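Trainee: I am attaching a structure below and will ask some questions about it afterwards.
Bear in mind these aren't lab numbers, they're just calculated from the coordinates by the rules spelled out. Remember, it's a predicted structure, so these values are computed and weren't measured experimentally. Cβ: placed from backbone, ideal geometry, glycine included. Neighbour counts: every protein chain shown.
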Amino acid sequence: MRTIPAKEMTALDANCRYFGLLPLQLMENAGAALAREVKARIKGKRIAIVAGRGNNGGDAFVAARHLIGLDVTVYLLGRSRDIATEEAKRNWEILERLGYDLHETTDSSDLPLEESDLIIDAIFGTGVRGRVRGLEGLAIDAINSSEKPVISVDVPSGQGTNKVVRSDVTVTFHRPKPDMPGNVVVADIGIPAAAEFFVGEGDLWLIGRRSQESHKGDSGRILVIGGGPYTGAPALSALAALRAGADIVTVAAPRAAARTISCYSPNLIVSELSADHLCLEDITVLKEQIARHDVVVMGMGLGKHAETTAALAEIMPLCKKTVIDADALQPDLPLKGIVTPHAGEFCRISGISLVDLDYRKRVEPLKEYAHKKGLVALLKGKVDLISDGEVVRANTTGNPGMTVGGTGDVLAGITAAFYARTSALRAATAAAFVNGRAGDLAYPEKDFGMVATDVIEKIPLAMRL
C-alpha cells in the first residue's frame, strides 16, 4: 500500500471537507477503529489514554466512548481550554458530560501509568519536528519507562524527533505514513478513493502561501515565450501568472508582437526579439533570459513557422522547468516539464485520439503517455485530468462559459506561477482547480459573455482558502 506523507494527509483531510465529508465524521471513524484494535489486544480492563491537545488526542477521546465495558482514564497533557481543534474539543466535552474519568495534567508525576493494563499514546500526530521538551517530552519518558503495552494513534508520538514513544502497535489511518517503525495496523476511516482522485482545496493548500519575509523574486520569476501572429495569448498567460502570485513575469515576443503586448498592461515586462516570428537567432538572448527565470512557459500565439519549431527544439532543453502549451505542442519537439493540451492537441503529440471519450476512459491513455514521456500532462476538458505517469487526478471546477478563447492561456500562466513554488504534479493539479474556480466565480455575473480577462481578475479570490 502506498504511504502518504503528513502534508498530503492534511491536504486529503481538507479535500474531504471540501467535498462534504466533515472532520468530525472522520474523527469518529478513526476513534471507533482505534477502539476495535484496543479491544482485540488488551489483557485486563484498565486503559490509560495519554492525550495531546490536537486531533490525535481527539481520536483517542472518541475511542474512550467506544471502549465499552473497560476502565478508561484519560490524561490530557495541559488544560482543556487549550485544546486546539473544534472536533477534539467537542469530543472532550462529550466525555465530560458523560462523567468519564478525566484528568488535566500539568506534571508528569500525575501520570500513574503503572496502574494500567494498556496505554494509548495520543500525544502527537504526524508533522512534529525538532526537539520534544517540557510536559510532552516527560510524558513520552513516562510511557517508555512504564513497561506496559502501548498502542499509538496514527504514529508513535515524537517520531522524527529526539524522543519517540516505543509502541507495541501503531494504529494508523487510511494509509501508512512514511518510515513507521514496528507493528503497524492500517485502519479504514471511510475516506473514499474518489476523495484522492478529485481535486479540492487541499491541493491548493499544498502550494503554500507567501512568507511575510519574502523578497522580490522569492515567489517566482516566470518567462513567457509567445506571440508572433497572435499577441493576446502570451499577454493573458503573463497576467494570469502575476495574479497567481508570481513576483516577476517577462514576456519574450517577436518584434511586432512585443510592441503590441507592451501596450496591454504596465505590469508586463516585455523583451523584444529580433524578427516577426521566433527564430534561431533569438536563442542567445533567450538563453540569458532563461537563466534568470525559474519557469519558462511557451507556445501561446507563436504560430507554426518552420523556423519557430526549430528554435523551440533548441530552447526546451535549456529550461529547468517548462510549461508547454498551444503552438509549442508539436510531436517532434523534446517536450518536458508540464504540457497542457486539449484533446486535439493531445492527439497531435501522442497519436492517441481521446475526442468524445468520457473522462474515465481518458485516464489510462493519459497516464501511459505521461509515464512514457517522463512529464506531467494536464489534459483540459469538461473534467481536467492531470497525471505524472503514476498518479492521475481529476478536476471538476469550471463551466461551459470557459470555452471562450484564452482560458487555456490563463491556465498555462497559473500553472507556471505555481510550478515556481512546488513540484510539477502539484502545480498542474492546483492550477486546474484555481483556473476553473476563477471561471466559476466569474460565471454568475458574466454568464456566456465571459472572456479570459474576467477569469484572470477572479484568480486571487479563487486562491483564498
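Trainee: Nothing charged except the Cβ atoms of Lys and Arg (+1) and of Asp and Glu (-1): what's the magnitude of the dipole of the stretch 6-191 about its Cα centre? Round to the nearest 20 debye.
Mentor: Details: 23 positive and 26 negative charges, 66 e Å.
So the magnitude is around 320 debye.
Trainee: What number, in percent, do you get for the relative contact order of the chain if the mean sequence gap of Cα pairs under 8 Å and at least 6 apart is divided by its residue count?
Mentor: Reported as a whole number, the value is 12 percent.
Trainee: If you don't mind, there's one more thing I want to ask. How are the Cα pair distances of the stretch 201-462 distributed, in percent, across 5 Å bins from 0?
Mentor: 1, 7, 15, 19, 21, 17, 13, 6, 2, 0
Trainee: Mind checking the full-extension length gain between Asn162 and Asp276? Use 0.36 nm per residue of separation minus the Cα-Cα distance, one decimal, nm.
Mentor: Numbers: separation 114, 0.36 × 114 = 41.04 nm, distance 6.23 nm.
Result: 34.8 nm gained on full extension.
Trainee: Based only on Cα atoms, what mean projected area does the convex hull of the stretch 194-265 have, in nm²? Show your work: numbers first, answer last.
Mentor: Numbers: hull surface 26.3 nm².
Here the figure is 6.6 nm², rounded to one decimal.
Trainee: Right, next: Which residues in the stretch 142-157 place their backbone N less than 19 Å from a point set 7 Å from the Cα of Arg133 along the Cα-to-Cβ direction?
Mentor: 142
Trainee: Along the Cα-to-C-beta direction of Asp101, a point sits 7 Å from the Cα; which residues of the stretch 28-45 have their amide N less than 16 Å from that point?
Mentor: 43-45
Trainee: Expected output is a single nm value to one decimal: the length gained when fully extending between Arg292 and Glu147, i.e. 0.36 nm times separation in residues minus the C-alpha distance. What is it? Let's see the in-between values first.
Mentor: Values: separation 145, 0.36 × 145 = 52.20 nm, distance 5.91 nm.
That works out to 46.3 nm of additional length.
Trainee: So, R0 is 35 Å and r is the distance between the beta-carbons of Glu390 and Gln25; what FRET efficiency does that work out to, to 0.05? Mind showing how you got there, number by number?
Mentor: Working: r = 29 Å, r/R0 = 0.84.
The formula returns an efficiency of 0.75 here.
Trainee: Shifting gears a bit: Per DSSP H run of at least 4 residues, take -39500 (n - 2.57); add these up for the chain, divide by its residues and hand me the 222 nm value, nearest 500 deg cm²/dmol. Walk me through the numbers before you get to the answer.
Mentor: Values: 16 runs with 186 residues, N = 465.
Helices in the chain give a 222 nm mean residue ellipticity of -12500 deg cm²/dmol.
Trainee: I need the calculated FRET efficiency for the pair Lys39 and Lys7, taking r as the beta carbon distance and R₀ as 25 Å, to the nearest 0.05. Display every interim value, and only then the final one.
Mentor: Values: r = 32 Å, r/R0 = 1.29.
It comes to 0.20.
Trainee: Projecting each Cα onto the charge dipole of the stretch 201-462 (Lys/Arg +1, Asp/Glu -1 at the beta carbon, about the Cα centre), which of His215, Ala431, Ala235 comes out farthest on the positive side?
Mentor: It is His215.
Trainee: For the chain, give the magnitude of the charge dipole about the Cα centre (Cβ charges: +1 Lys/Arg, -1 Asp/Glu; no others), in debye to the nearest 20.
Mentor: Roughly 200 debye for the chain.
Trainee: So, one more: Please give the contour-minus-distance gain from Ser214 to Glu93: 0.36 nm per residue of separation, less the Cα-Cα distance, rounded to one decimal in nm. Let's see the in-between values first.
Mentor: On the way: separation 121, 0.36 × 121 = 43.56 nm, distance 4.12 nm.
My answer for the length gained is 39.4 nm.
Trainee: Which of the three applies to the stretch 81-234, rounded, prolate or oblate, going by the alpha-carbon gyration tensor with a ≥ b ≥ c and a/c under 1.5 meaning rounded? Working shown, then result.
Mentor: Details: a/c = 2.41, a/b = 2.21, b/c = 1.09.
Note, shape of the stretch 81-234 comes out prolate.
Trainee: Compactness ratio of the chain: Cα Rg over 2.2 N^0.38 Å, N = residue count? The partial results should precede the final answer.
Mentor: Values: Rg = 26.7 Å, N = 465, 2.2 N^0.38 = 22.7 Å.
Normalised by 2.2 N^0.38 Å, the Cα Rg of the chain equals 1.18.
Trainee: Continuing with the same structure: Rounded, prolate or oblate: which fits the stretch 6-191, taking a ≥ b ≥ c as square roots of the Cα gyration tensor eigenvalues, rounded meaning a/c under 1.5, else prolate when a/b beats b/c?
Mentor: Values: a/c = 1.32, a/b = 1.18, b/c = 1.12.
Cα axes put the stretch 6-191 in the rounded bin.
Trainee: So how do 163-174, 291-302 stack up, highest first, on mean other-Cβ count within 10 Å?
Mentor: Details: 163-174: 21.7, 291-302: 24.9.
Top to bottom by mean Cβ count within 10 Å: 291-302, 163-174.
Trainee: Still on this structure, please answer the following. Residue farthest toward the positive end of the dipole of the chain, with Cβ of Lys/Arg at +1 and Asp/Glu at -1: which of His293, Thr309, Pro192?
Mentor: Selected residue: Thr309.
Trainee: When the Karplus curve 6.51 cos²θ - 1.76 cosθ + 1.60 is applied with θ = phi - 60°, which whole-Hz ³J(HN,Hα) does each residue of the stretch 374-379 get, with x for Gly and Pro?
Mentor: Values, residue by residue: x, 9, 9, 10, 10, 8 Hz.
Trainee: While we're here: Rounded to the nearest 20 debye, what is the charge dipole size of the stretch 186-263 about its Cα centre when +1 sits on each Lys and Arg Cβ and -1 on each Asp and Glu Cβ? Numbers along the way, then the final one.
Mentor: Values: 7 positive and 7 negative charges, 141 e Å.
Value, rounded to 20: 680 debye.
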